[in-house]
Amino acid sequence: MKSIEFNKPFIIDSDKKYIDKVFKKNKYADGFFQKECEYFIKTKIKTNFVALTQNCTSALEIAMILINLKKNDEVIMPSYTFTSTANAVLLRGAKPVFADINLKDANLNIDSVKKKINKKTKAIIVVHYGGNSCDMKEFIKIKKKYNLFLIEDCAHSFNGKYKNKYLGTIGDFGTFSFHETKNLVGGQCGALCVNNLKFSRRAKILLDKGTDRSLITNKKKYYSWKDIGSEYRSAELPAALLYSQFKKLEKIQKIRKAVWEQYFNSFNKKNSKNFKILEFDKTNKSSYHIFALVFKSLKMRDKFILFMKKRNIFCYFHYFPLHKSSYGIRFKRTSMINTEKLYNGLVRLPIYPSIKYSEIKSIVKQVLIFDKIS
Ligand SMILES: Cc1ncc(COP(=O)(O)O)c(C=O)c1O
């Protein structure tokens, strides 16, 4: 049986055309496509300031500098996330505080977050897991009540919505990933959305190695060093690839949705004794980044991954909880029930635009066989 990969970036000939344009223009930084991508994101998600960054990791790091995060500050976040969310906080000398997630959707649990708030808390980072929105009404409420910054880690969720608002535009900042594993691919690329415009001037300086180059309009004036910063901006080649992907956004999302729905319709009413699927509030819009099954035990999860692998179908678990990692254990020594349950049970199924209908059918068939014999 031909193997079914877990993920394949959707790169076709038209994408190469845009890369060629970069070579024709012979300009590789501060370029045309960087600006075009920023304009596209800004108009798509309806916000005022967007910067194309090297990745979501840099966008998170900029957000943490902008809120002036310092030693003794605390930032609440899920442990069920990628290291970048926590590293951005640690790089400012502050402390990541892990809160538990909901079993139903793998998003931050509001009650667990409330229990962690104290005088040192400066911000909350929510992750919209798999492209499905957190309960933003509740997070906005506690942001206002305790005067906290709210950052949306939208690594999975470009094009997703909470009610009628695009994810990334609801908190103070939104951070996006266009890594090759994500729905839209710039190779390695990302974006920062600044919704609180008082930060946009400083953001421009941080993005450009601490200089005010992008703020100088008078060509006779020299730019100079104004602040800390780094080269956080995307280069032109990834931007060109991403721009080409944006041109296909509707197509890519339509296919992802169709694949996601095929899985959903096959497993939703199954009432399996062995696995569940994550819930999703239909009044929001998903970005359809992940479709996951949640098995009842680690043993069964691993048995399933192996069962599929033997049939040349590649499925993976997700997020080793940060508080259980050898580095993260120093920040939280007690267990987090839902985070650990989800990590133990969760398996992601292949979902990407070039997957064939016959391949989805065969994945569904094998899941059902596994369920029957287990
Ligand atoms: C929740 C989350 N945040 C941040 C990142 C980092 O994204 P990037 O690779 O674009 O830096 C990832 C990566 O997958 C992620 O899953």
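Suppose we filter the stretch 262-278 for residues that are in a loop (DSSP other than H, G, I, E, B) and among the small types (G, A, S); how many remain?
Of all residues in the stretch 262-278, those in a loop (DSSP other than H, G, I, E, B) come to 268-274, 278.
Imposing the further condition that a residue be among the small types (G, A, S) reduces the set to 272.
Final tally of qualifying residues: 1.
Among the residues of the stretch 40-63, the ones that are over 20 Å from S244 (Cβ atoms) and either basic (K, R) or without any contact (Cβ under 8 Å) to a residue 40 or more places away in the chain (or both) come to 1 in all. The number of residues in the stretch 74-96 being farther than 11 Å from M64 by Cβ and more than 12 Å from the ligand (Cβ to nearest atom) comes to 3.
If I ask for residues that are free of Cβ contacts under 8 Å to residues at least 12 places away in the same chain and in a helix (DSSP H, G or I), which ones from the stretch 206-253 would you list? Answer for the stretch 206-253, where residues must be free of Cβ contacts under 8 Å to residues at least 12 places away in the same chain and in a helix (DSSP H, G or I): R213, S214, E250.
Entry remark, the stretch 1-38: residues being closer than 23 Å to S214 by Cβ and either of a type outside the set (D, E, K, R) or not assigned by TED's automatic domain parsing to the domain that holds L207 (or both) number 9 in total.
For the stretch 315-337, name all the residues that are of a type in the set (A, V, I, L, M), assigned to a loop (DSSP other than H, G, I, E, B) and within 14 Å of the ligand (Cβ to nearest atom). Before the answer, list the steps.
At the first step, the residues of the stretch 315-337 found to be of a type in the set (A, V, I, L, M) are 322, 329, 336-337.
Now drop any that are not assigned to a loop (DSSP other than H, G, I, E, B), which leaves 336.
Across the stretch 315-337, there are no qualifying residues.
State yes or no: is E261 closer than 30 Å to I373 by Cα and at pLDDT below 95? It is false that E261 is closer than 30 Å to I373 by Cα and at pLDDT below 95.
Looking at I305, I252, can you tell me which residue is modelled with pLDDT of 95 or more, over 18 Å from H128 (Cα atoms) and touching a Pro at 6+ places or on another chain (Cβ under 7 Å)?
On the way: I305 fails: touching a Pro at 6+ places or on another chain (Cβ under 7 Å).
None of the other options fit; the residue is I252.
Residue check: V259 meets all listed conditions (1) buried (at least 21 other Cβ atoms within 10 Å of the Cβ); (2) not in a helix (DSSP H, G or I) but one, namely (2). The listed residues are Y222, Y243, and the only one of them that is under 18 Å from P9 (Cβ atoms), of a type outside the set (A, V, I, L, M) and assigned by TED's automatic domain parsing to the domain that holds G190 turns out to be Y243. When residues in the stretch 39-57 are screened for being closer than 19 Å to R213 by Cα and within 16 Å of the ligand (Cβ to nearest atom), 5 of them pass. Candidates L206, L215, L150, L197: the one that is surrounded by fewer than 16 Cβ atoms within 10 Å (Cβ to Cβ) and over 21 Å from F32 (Cβ atoms) is L197.
Within the stretch 186-205, residues that are farther than 11 Å from F49 by Cα have Cβ atoms under 7 Å from residues that are more than 16 Å from the ligand (Cβ to nearest atom) and acidic (D, E) in these pairs: R202/D227; I205/D212; I205/D227, counting only partners at least 6 apart in sequence or on another chain.
Can you find a residue in the stretch 279-298 that is more than 30 Å from G93 (Cβ to Cβ), among the aliphatic types (A, V, I, L, M) and assigned to a loop (DSSP other than H, G, I, E, B)? Give the steps one after another, and end with the answer.
Taking the stretch 279-298 and keeping what is more than 30 Å from G93 (Cβ to Cβ), we get 279-298.
With the extra rule that they be among the aliphatic types (A, V, I, L, M), the set shrinks to 290, 292-294, 298.
Still in the list and also assigned to a loop (DSSP other than H, G, I, E, B): 290.
Within the stretch 279-298 (the criterion being more than 30 Å from G93 (Cβ to Cβ), among the aliphatic types (A, V, I, L, M) and assigned to a loop (DSSP other than H, G, I, E, B)), the answer is yes, since at least one residue qualifies.
The values are calculated or read from the model by the stated rules, or taken from the named source; none is laboratory data. This one's a predicted model, so the numbers in the text were calculated from it and none came from an experiment. So basically every Cβ, Gly included, is an ideal-geometry build from the backbone, and we count neighbours across all protein chains shown.
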